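What follows is one structure encoded as structure tokens, with my remarks underneath.
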Amino acid sequence: MTEQNKVGNIAQVSLEMRGNVAYITFDHVAARNAMTVSMYQSLKSICEDLAKNPAVRVAIFRGAGGKSFVSGSDIAQFANFQTGSDGVRYEEGIDNYLAPLAALPIPTIAVIDAMAVGGGLAIASCCDFRISTPDAKFGVPIAKTLGNCLSAANIAWLVAHLGINIVKRMLLLAEMITAKELLQQGYLLATYEQEQLGQEAVNLAERLSKLAPITQKSSKLVLARLIKNNLPDCSDLISETYGSNDFQNGVASFLKGEPPIWTGS
């Protein structure tokens, strides 16, 4: 699925099959692979189709252009938000788009060049294994940029993979965490120079494809269900955040390239 943006660049998520390995590419290079609604919808459809294909043993996800995995979501869409309900629907939509990725019955690998931010961090965290360049950075700096928030499901998934202390640094301090720290923490499986990333992903996929697929499916889906079990309803907090003046100001300031001024209202 493709989408023509305002400056004529194509924003798309593409699928290529090489043997029993699926290669999914996020291609919106002009915006460092920021995800449009169309791209999220395409990702969902691709994952749903892969789940039905018994010939696929591993899926590899990577951003195009070599400068970003995914830099977040397309901010322009937020300019049309009017109330907190818009934010609740948006976060429910993100959860819906990412659910088929998290529930894929095959091992998944995120190959991360330079950065995975916002929605990109969520996508990378939905994958089973992550490898990156040594200089890569990871975060959700919305307390500094937009003044929005994440869903309970999104935060629960990040906490399960990163730990609560790192997630607090990302969300409350707007810190970008280095690949070096996340390698030590275990979030990253390994780091490689950019010219090695592609081949190392292939090597990992080959290793995974030689193991028992039903065991892999059962193991990862049990873990996914444990993470999502008994999630609280946080729609009141999401509505308050997206309905705030701070959020409206954050979006407007971001689109103008100006620093936002937070008022707490």
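None of the figures in this text is laboratory data; all of them are computed from the coordinates on show. This one's a predicted model, so the numbers in the text were calculated from it and none came from an experiment. Here the Cβ positions follow ideal geometry from the backbone for every residue, glycine too, while neighbour counts run over all protein chains shown.
Once you list every other residue whose beta carbon is under 15 Å from the beta carbon of Gly147, what net charge do they have if Lys and Arg are +1 and Asp and Glu are -1? Net charge around Gly147: -3.
For the range 17-24, the Karplus equation 6.51 cos²θ - 1.76 cosθ + 1.60, evaluated at θ = phi - 60°, returns couplings of 9, 10, x, 9, 10, 9, 10, 10 Hz by residue, with Gly and Pro reported as x.
Quick check: net charge around Ala136, other residues with Cβ under 12 Å of its Cβ, Lys/Arg +1 and Asp/Glu -1?
Numbers: positive: Lys67, Arg130, Lys137, Lys180; negative: Asp113, Asp135, Glu181, Glu193.
Computed value for this residue: 0.
Computed on the chain, with alpha-carbon pairs under 8 angstrom and 6+ residues apart, the relative contact order is 19 percent.
Of the trypsin sites (Lys or Arg not before Pro) found in the range 155-254, the ones in coil according to DSSP and having at most 10 other Cβ atoms within 10 Å of their Cβ are Lys210.
Which of Glu200, Glu206, Glu91, Glu16 has the fewest other C-beta atoms within 10 Å, and how do the rest follow up to the most?
On the way: Glu200 17, Glu206 14, Glu91 23, Glu16 10.
Exposure proxy ranking, most exposed first: Glu16, Glu206, Glu200, Glu91.
Amide H contacts for Tyr192 (H built 1.01 Å from N in the peptide plane; partners 5 or more residues away or on another chain; cut-off under 5 Å): Ser132, Thr133. Compared with the dominant Cα axis of the chain, that is its longest principal axis, helix 84-102 is turned about 10°. Using θ = phi - 60° in the Karplus curve 6.51 cos²θ - 1.76 cosθ + 1.60, the 3J(HN,Hα) couplings for the range 159-174 round to 5, 5, 9, 10, x, 5, 5, 5, 5, 5, 5, 5, 8, 8, 9, 6 Hz; x is entered for Gly and Pro. Against the main long axis of the alpha-carbon atoms of the chain, helix 245-256 sits at an angle near 70°. Global size of the range 1-95: 14.6, 47 Å for Rg and Dmax (C-alpha atoms, Rg to one decimal, Dmax whole). Overall, the anisotropy analysis places the range 182-265 in the oblate class: the square-rooted eigenvalues a ≥ b ≥ c of its C-alpha gyration tensor yield a/c not less than 1.5, with a/b not exceeding b/c. Summing Lys and Arg as +1 and Asp and Glu as -1 over all other residues whose Cβ lies under 15 Å from the Cβ of Glu175 gives a net charge of +4. For the range 38-140, the square roots a ≥ b ≥ c of the C-alpha gyration tensor eigenvalues yield an a/c of 1.5 or more together with a/b not exceeding b/c, which makes the shape oblate.
Here the sum of -39500 (n - 2.57) over DSSP H runs of 4 or more residues, divided by the residues of the chain, equals -14000 deg cm²/dmol at 222 nm, to the nearest 500.
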